[in-house]
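Single-structure report; data block below.
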Amino acid sequence: MTTIVLVRKNDQVVVAGDGQVSMGNTVVKSTASKVRKIEKRDVVAGFAGSTADALTLFERLEGKLEKHAGNLSRAAVELAKDWRTDKYLRRLEALMAVGDKHNSYIISGTGDVLEPEGDVIGIGSGGNYALAAGKVLMEGEMSAEEIAKKAIKVAADICVFTNDNVKVEKI
């Protein structure tokens, strides 16, 4: 797994993820990027799960955004439907955190599209640690990017499947 955090603060939306790729108890790579910005649609997304699955789901999300004229809500629901019903996609066990200027969602392979309470999302093996840290840090004067980076660093100190090599995308 990995740790992804999405933070929304002061008209800024940031998604950050750690860079660790693990196979079982072995670290295979420490500099992977599991976050992406869909430039054309001003959407940021982070993925917790295998890298091949991430690329497939990012491409599908991008296609859904194109089909629905950048409407993230509609694209997220359509992706979740496909993910749940498609013979190939439904085998993927993963989570995505996605956001645009107006909405933030967690999308799962079970067909869930969840809009969280508050302005922080945490997913993956260290997601709960990053979520807790992010919620506390929201009370201060830090920017969304600073909060996201710090939240990943906190998760990295606790979760063995998370490192402190942070990748960030923002809109």
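The values are calculated or read from the model by the stated rules, or taken from the named source; none is laboratory data. Model, not experiment: these values are computed from the prediction. Neighbour counts run over all protein chains shown; Cβ positions are idealised from the backbone, glycine included.
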Quiz item: Name the pairs: first residue in the stretch 124-140 and in contact (Cβ under 8 Å) with a residue 12 or more places away in the chain and closer than 11 Å to Val5 by Cβ, second residue basic (Lys, Arg) and part of a helix (DSSP H, G or I), Cβ to Cβ under 7 Å, at least 6 apart or on different chains?
Solution: Ala133/Lys150; Leu137/Lys150
Quiz item: Is there any pair with a first residue in the stretch 35-57 that is over 16 Å from Ser125 (Cβ atoms) and free of Cβ contacts under 8 Å to residues at least 40 places away in the same chain and a second that is among the charged types (D, E, K, R) and surrounded by fewer than 21 Cβ atoms within 10 Å (Cβ to Cβ) whose Cβ atoms are under 6 Å apart and which are 6 or more apart or on different chains, and what are they?
Solution: Ile38/Glu62
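Residues Leu55, Leu61, Leu79: which one is assigned to a helix (DSSP H, G or I) and over 26 Å from Gly118 (Cα atoms)?
On the way: Leu61 fails: over 26 Å from Gly118 (Cα atoms); Leu79 fails: over 26 Å from Gly118 (Cα atoms).
Of the residues listed, the single one that is assigned to a helix (DSSP H, G or I) and over 26 Å from Gly118 (Cα atoms) is Leu55.
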Practice problem: Evaluate the following for Ile152: is it closer than 15 Å to Arg8 by Cβ and β-branched (Val, Ile, Thr)? | Solution: no
Practice problem: Just name the residue that is surrounded by the fewest Cβ atoms within 10 Å (Cβ to Cβ) out of those in the stretch 147-171 that are within 15 Å of the chain's Cα centre (by Cα) and assigned to a loop (DSSP other than H, G, I, E, B). | Solution: Ile171
Quiz item: What number of residues within the stretch 133-146 are touching a helix residue (DSSP H, G or I) at 6+ places or on another chain (Cβ under 6 Å) and either outside any helix (DSSP H, G or I) or within 20 Å of Met96 (Cβ to Cβ) (or both)?
Solution: 1
Quiz item: Is it true that some residue in the stretch 84-96 is out of contact with any Cys (no Cβ under 6 Å at 6 or more places or on another chain), assigned to a helix (DSSP H, G or I) and surrounded by 16 or more Cβ atoms within 10 Å (Cβ to Cβ)?
Solution: yes
Quiz item: Counting only residues that are in contact (Cβ under 8 Å) with a residue 24 or more places away in the chain and touching a Lys or Arg at 6+ places or on another chain (Cβ under 7 Å), which one in the stretch 59-73 is surrounded by the fewest Cβ atoms within 10 Å (Cβ to Cβ)?
Solution: Gly70
Quiz prompt | Subset of the stretch 1-58 that is more than 14 Å from the chain's Cα centre (by Cα) and among the basic types (Lys, Arg) - its residue that is farthest from Glu139 (Cα to Cα) | solution = Lys29
Quiz item: Limited to the stretch 116-132, what total is found for residues that are assigned to a loop (DSSP other than H, G, I, E, B) and either surrounded by 18 or more Cβ atoms within 10 Å (Cβ to Cβ) or modelled with pLDDT of 95 or more (or both)?
Solution: 3
Practice problem: Scan the stretch 1-55 residue by residue and report those that are surrounded by 15 or more Cβ atoms within 10 Å (Cβ to Cβ), touching a Gly at 6+ places or on another chain (Cβ under 6 Å) and of a type outside the set (A, V, I, L, M). | Solution: Thr2, Thr3, Gly17, Lys34, Arg41, Gly46
Self-check item: Complete set of residues in the stretch 6-28 that are part of a strand (DSSP E or B), in contact (Cβ under 8 Å) with a residue 12 or more places away in the chain and out of contact with any Leu (no Cβ under 6 Å at 6 or more places or on another chain)
Solution: Leu6, Val7, Arg8, Lys9, Gln12, Val13, Val14, Ala16, Gly17, Val21, Ser22, Val27
